[in-house]
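Enquirer: Got a structure for you, written out below as structure tokens; questions coming shortly.
The values are calculated or read from the model by the stated rules, or taken from the named source; none is laboratory data. Model, not experiment: these values are computed from the prediction. Counting neighbours? That spans all protein chains shown, and the Cβs are built from the backbone with ideal geometry, glycine included. For accessibility, only protein heavy atoms count, side chains too; no ligands or nucleic acids. Shrake-Rupley method; radii C 1.70, N 1.55, O 1.52, S 1.80 Å.
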Amino acid sequence: LRGSDPNGALYWMARMLEGGEDPLLLFRRAIAMAAEDIGLADPQALPLAVAAREAYRQLGAPEGYLPLAEMTIYLATAPKSNSVVLALGAALELARETPAEPVPVHLRNAPTQLMKELGYGAAYQYPHDFPGHFTAQAYLPEMLLGRALYTPGELGYEKKVAERLAWWRKQSEE
């Protein structure tokens, strides 16, 4: 699947089935690969893999091998991106390095009068109240402003994500 060769992917899938491997193991690995190796380049890969597994559970063998084969071909031919893996790793590392950074005051909930008096949530800008449903406010702790954890890939859906992020950056600068 990772190498984008549907013929190779189908062959090894069939070899594993013929060798007695539990098809649910194949689905488990494919679901992981849909999230890890395809990610947001094709956000339909993960739901398709999960749906194929559920179809197999409903149908059983041999009819259930059809959704397995369909999923295998889809995942093998999908655009690939590991940007989610990289972003998650970066976020976890940053969280370990900065475990006590405070939540920005404007993002804090104010369920008590004291919290309201301290300004919790007072400067929050509801994005839907702004053109394009976007407002340039900080969502990271002050010490981490400007840190980028996610960098979209260049294929598939991530091209659109990159365009959207660029537009938001431009709006923030204006």
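Enquirer: Which residues, counting only those in the range 1-29, are surrounded by 17 or more Cβ atoms within 10 Å (Cβ to Cβ) and within 19 Å of Tyr157 (Cβ to Cβ)?
Expert: Hit for the range 1-29 is Leu1, nothing else.
Enquirer: Contact list please: Cβ distance under 6 Å, first residue in the range 62-73 and farther than 10 Å from Met13 by Cα, second residue open to solvent by 20 Å² or more (accessible area, probe 1.4 Å), pairs at least six apart or on different chains.
Expert: Sorted first by the residue in the range 62-73, then by its partner, the pairs are Gly64/Tyr56; Pro67/Ala55; Pro67/Tyr56; Ile73/Pro6.
Enquirer: Being of a type in the set (Val, Ile, Thr), modelled with pLDDT of 95 or more and open to solvent by 60 Å² or more (accessible area, probe 1.4 Å), is that true of even one residue in the range 52-73? Break it down into steps so the answer makes sense when it comes.
Expert: The initial filter retains those residues of the range 52-73 that are of a type in the set (Val, Ile, Thr), namely 72-73.
Cutting the leftovers down to modelled with pLDDT of 95 or more gives us 72-73.
So of that shortlist, the ones also open to solvent by 60 Å² or more (accessible area, probe 1.4 Å) come out as 73.
Checking the range 52-73: at least one residue is of a type in the set (Val, Ile, Thr), modelled with pLDDT of 95 or more and open to solvent by 60 Å² or more (accessible area, probe 1.4 Å).
Enquirer: Go through the range 157-166 and give me each residue that's of a type in the set (A, V, I, L, M) and either touching a residue at least 12 places away in the same chain (Cβ under 8 Å) or open to solvent by 50 Å² or more (accessible area, probe 1.4 Å) (or both).
Expert: Within the range 157-166, the subset of a type in the set (A, V, I, L, M) is 161-162, 165-166.
Matches in the range 157-166: Val161, Leu165.
Enquirer: Take the range 102-156 and flag every residue that is closer than 30 Å to Ala45 by Cβ, open to solvent by less than 60 Å² (accessible area, probe 1.4 Å) and without any contact (Cβ under 8 Å) to a residue 40 or more places away in the chain. Walk me through how you get there before you give the answer.
Expert: Let us first name the residues in the range 102-156 that are closer than 30 Å to Ala45 by Cβ, namely 127-128, 132-134, 139-140, 147-156.
From what is left, the residues that are open to solvent by less than 60 Å² (accessible area, probe 1.4 Å) are 127, 132, 134, 140, 149, 152-153, 156.
Hits for the range 102-156 are Pro127, Gly132, Phe134, Leu140.
Enquirer: Report the residue count in the range 92-101 for those that are closer than 12 Å to Arg147 by Cβ and free of Cβ contacts under 8 Å to residues at least 24 places away in the same chain.
Expert: Final tally of qualifying residues: 3.
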